[in-house]
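Data first, discussion second: the structure below is written as structure tokens.
Just so it is clear, none of the values below were taken in a lab; they were calculated from the coordinates. Predicted model only: the values in this text are computed from it and were never measured. Cβ coordinates were reconstructed from backbone atoms using ideal geometry, including for glycine residues, and neighbour counts include every protein chain displayed.
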Amino acid sequence: SSSTSPFPPSKPRSRSLSRPPSLSTRHLPSSSSSSSWFDVLAQILSSALLFLLIFGMSATVEVSHLREQVHNKFAILAGVSTQFIVMPLLGYLSVLLLKHRGLTEPMALSLLIVTASPGGSYSNWWCSMFNADLALSVTMTAISTLVSSIMLPANLLLYVNAAFGFGGSSSGGEGEEEEGEADDDRQGGILKNIDWGSLFVSLAIVIVAIGLGLCASFKISSHRFNRFANRMGSLSGVLLILLSALLTSLSGEGDAKLWAQPWSFYLGVSLPC
């Protein structure tokens, strides 16, 4: 199951990280007074396309099929366990393996965010494209998004600390106290680079889109509407990919471009898959 990101661009908040990560659809050009309106417009467009994608996929599902999947306890438990136990662990192991082989701190933090995020819109899209169980995918997306309100920050706090070795002890001599305070400051700087607001806004968009899509499917109850919603969601998914590619290509920073990364970046992205 692909992740949302969250998911869904943020401004740097620490000198230690020049370009903080965000959700996979949210890599924007560097912020400045001349590009602030462009940044806002890009955020609005990406959020709107994310909403339409999830709304369209959810409106394709019949409510009766969704009720059946809610009682599919084994599948839901397996999906939630994989999403919030296995995936974050794999992301953490990838960071440990590659952080001394060219994987920078912003890249590592991005990887931890993505692997800790709930199953996202593109899992629904792929299920629709290949005629898989879309009702189960939408059910899993809704449940994992709700669970992520607790598990996402918990996993990030756990694995960011574990991956970067923060939290030194402040007991002992004066030198140890200063070192512990420095570690705490660095830890706070890393964690502050996570745009928690954008993460939870993206989660809210997913929940609202699923709820409205299912409500529309129930109220209208038309196969013609279901087909229309499916096509709208599929088109939004394609446009969201194109928008992400466009924003990456327009970025003024050479090292922000997808095709200008070290080998450890591509390997790190592939390993949790």
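With the simple spin-label model, which puts each label point 7 Å out from Cα in the Cβ direction, the Ile85 to Leu41 separation comes to 4.8 nm. Semi-axis lengths, largest first, of the ellipsoid equivalent to the stretch 188-229 are 36, 8, 4 Å, with √(5λ) applied to each eigenvalue of the Cα gyration tensor. Between Leu77 and Trp126, full extension at 0.36 nm per residue minus the direct alpha carbon distance yields a gain of 15.6 nm. Extending 7 Å from the Cα toward the beta-carbon at both Leu157 and Ala245 defines two label points whose distance is 4.0 nm.
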